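Below: the structure, in structure tokens.
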Amino acid sequence: MEQKKYFFAVDLGATSGRTIIGNITDGRFSLEEVTRFPNNLIEQGGHYYWDIYALYFEIIKGLKEVARRGLEITSIGIDTWGVDFVLIGDDGAILRNPRAYRDPITFDAMDDYLRHVVSRKEVYDITGIQFLNFNSIFQLYAMRREGNSALSCATKILFVPDALSWMLTGNEVCEYTIASTSQLLDPRTKQLDERLLASLGLTRSKFGRMVQPGTVIGVLTDEVQRLTGLGAVPVVAVAGHDTGAAVAAVPAKDEQFAYLSSGTWSLMGIETKDAIISDLSYERNFTNEGGIEGTTRFLKNICGMWLYERCRLEWQKAPLSSPEGDTNVQQGNEAPSGAVGGALSHAVLQSSAMTVEPFRSLINPDDQMFAAPTSMIQAIQQYCRQTGQPVPETPAEICRCIFDSLALRYRQVFTWLQEFAPFQLDVLHIIGGGSLNKYLNQFTANSTGATVLAGPQECTALGNIMLQAKAAGLVSDIWQMRQIIADTLDLVRYEPQEKEIWDKAYDKYISITSKQ
């Protein structure tokens with residue numbers, strides 16, 4: 001019997017990473033996690049850094065494990081979070097660990113750059129990218145402004161997935177989807193914009209050659225082959241941006257769909273052939289990020305399960321009320337039924353939220369006060385107090401407030417997408433970890449009036465592996481990739497219900513959020 005061939009995916013997030021192997025046989029896929037590890041943010045000298053060598057070590061460790069198990073690896077692909085980059089010197093060495101997007105140096109850099117260098121409207125007209133203070137353009141501006149010695153000496157600037165691929169192969173590339181997060185790329189030309197680069201004192205030669213997802217970068221260096229026990233395995237430039245990889249795995253049957261990548265952040269958007277850059281998209285702060293096969297991911301960031309997870313963390317650390325409101329629990333003491341480590345489990349929290357009055361209190365999830373509050377619970381309560389609403393007190397009330405508000409915010413953004421989309425929208429695919437929240441999924445269907453299809457949860461790793469399969473010639477295009485995913489998974493379907501109730505709730509939401 002012929003030995004199975006596997007694809008090796010490296011999926012790195014801002015808090016943790018993992019290596020995964022995937023296989024495609026008879027039109028169906030399988031996934032298996034090989035290793036999981038933390039991605040530690042390093043604080044030193046008033047700055048935040050990523051440990052690029054630790055990430056490289058973990059990739060080598062995962063490759064060693066598959067070699068030890070005697071698995072045949074067809075190729076390797078790496079996806080990561082966006083915007084951050086590594087600086088390389090003319091001697092081929094990393095000049096220092098890369099700055100992390102949470103570094104405080106960028107806090108005022110965006111406003112300073114847009115006020116004194118290139119105007120906000122001009123930057124958006126070139127890039128179509130939403131304004132976030134940590135975008136690469138503003139990181140580079142802040143580093144230049146501070147006289148950063150590593151930037152001054154750098155001969156190459158490689159985005160994080162490209163830097164890790166370079167460490168494995170020795171070849172420098174600039175993968176399209178990750179480059180699009182920088183706010184330096186023109187989606188019309190699909191190249192880095194010379195004027196914006198010049199505004200930072202940079203030239204195009206500082207970056208690797210632009211490649212599209214599915215391009216083979218090179219093979220493992222002799223050194224990496226020796227370290228891992230593997231041969232000359234190809235490394236593929238997959239969709240280096242993790243959201244790009246996730247959207248590639250949406251199991252849609254045709255182009256007429258919207259997606260909601262649901263996790264700490266919710267990213268709601270559509271896939272289009274061309275960027276949508278207009279006065280209205282600028283006003284509503286939509287973004288145009290690179291997709292696979294020349295597509296654009298036209299989307300908007302929404303503060304997603306961050307609200308819920310931060311509240312849950314607070315309940316874990318502090319006295320906690322049970323869903324019935326009659327039991328105070330200190331961490332380490334006896335917890336109510338369903339509690340995990342002093343915190344209510346997801347199942348208990350979410351089911352208890354269904355027992356309280358709906359739409360009693362509503363918030364705008366994207367209000368600035370929820371970006372990084374000392375206490376998320378208190379921030380939610382303060383918002384409700386300021387808008388003259390009942391203040392949620394119990395975990396059930398707070399969770400219901402979050403879920404109702406997210407679903408109504410989704411409706412607002414979905415309605416905007418319907419205005420922008422060049423096709424009819426009546427299907428919304430929810431992917432990522434949030435696709436497991438059955439209550440929020442149903443609320444989203446009710447609120448938007450769209451059919452919701454939930455799954456897959458492991459969308460980022462799937463997209464990574466499918467793009468490797470495409471590079472290997474096992475699948476022809478994005479639609480065959482999506483068909484394999486749809487044939488393998490059982491998607492959960494949610495149809496809209498209670499239209500009149502949700503229409504009334506949406507009117508209330510608009511009225512309340514317009515007050516802030």
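The residue list G27, G22, G46 contains one member that is touching a residue at least 40 places away in the same chain (Cβ under 8 Å) and within 23 Å of the chain's Cα centre (by Cα), which is G22. Could you please let me know if G214 is at pLDDT 95 or above, surrounded by fewer than 18 Cβ atoms within 10 Å (Cβ to Cβ) and under 29 Å from F8 (Cα atoms)? Spelling it out, it is not the case that G214 is at pLDDT 95 or above, surrounded by fewer than 18 Cβ atoms within 10 Å (Cβ to Cβ) and under 29 Å from F8 (Cα atoms). For the range 76-94, filtering for residues that are touching a residue at least 40 places away in the same chain (Cβ under 8 Å) and either open to solvent by 40 Å² or more (accessible area, probe 1.4 Å) or outside any loop (DSSP other than H, G, I, E, B) (or both) leaves 11. Among the criteria (1) buried (at least 24 other Cβ atoms within 10 Å of the Cβ); (2) out of contact with any Cys (no Cβ under 9 Å at 6 or more places or on another chain), the one F159 does not fulfil is (2).
Would you say E43 is at pLDDT below 95 and either closer than 27 Å to S182 by Cβ or buried (at least 17 other Cβ atoms within 10 Å of the Cβ) (or both)? Yes; evaluated as a whole, the condition is true for this residue.
Here N97 passes the criteria (1) under 20 Å from the mean Cα position of the chain (by Cα); (2) open to solvent by 20 Å² or more (accessible area, probe 1.4 Å) except the one numbered (1). Among the candidates N441, N446, N437, the residue that is in contact with an Asp or Glu (Cβ under 7 Å, 6 or more places away or on another chain) and surrounded by 15 or more Cβ atoms within 10 Å (Cβ to Cβ) is uniquely N446. Counting just the residues of the range 396-420 that are out of contact with any helix residue (DSSP H, G or I) (no Cβ under 6 Å at 6 or more places or on another chain) and of a type outside the set (A, V, I, L, M, F, W, C), which one comes out farthest from T451 (Cα to Cα)? It comes out as E397. Applying the selection to the range 100-118, what residues are under 14 Å from E146 (Cβ atoms), modelled with pLDDT under 95 and buried (at least 19 other Cβ atoms within 10 Å of the Cβ)? The answer is D103, I105, T106.
Filter the range 1-19 for residues that are closer than 14 Å to K61 by Cα and small (G, A, S); which is nearest to the chain's Cα centre (by Cα)? Result: G17. Every condition in (1) touching a residue at least 60 places away in the same chain (Cβ under 8 Å); (2) surrounded by 15 or more Cβ atoms within 10 Å (Cβ to Cβ) holds for Q424 except the one numbered (2).
From the list A154, A150, A163, A179, the one residue that fits, being under 17 Å from A239 (Cβ atoms) and in contact with a Leu (Cβ under 6 Å, 6 or more places away or on another chain), is A179.
The values are calculated or read from the model by the stated rules, or taken from the named source; none is laboratory data. No experiment lies behind these values; they were computed from the predicted model shown. Positions of Cβ are generated from backbone atoms using ideal geometry, with glycine treated the same way; all protein chains shown enter the neighbour counts. We work out accessible area using only protein heavy atoms, side chains counted, and drop any ligands, DNA or RNA first. Shrake-Rupley method; radii C 1.70, N 1.55, O 1.52, S 1.80 Å.
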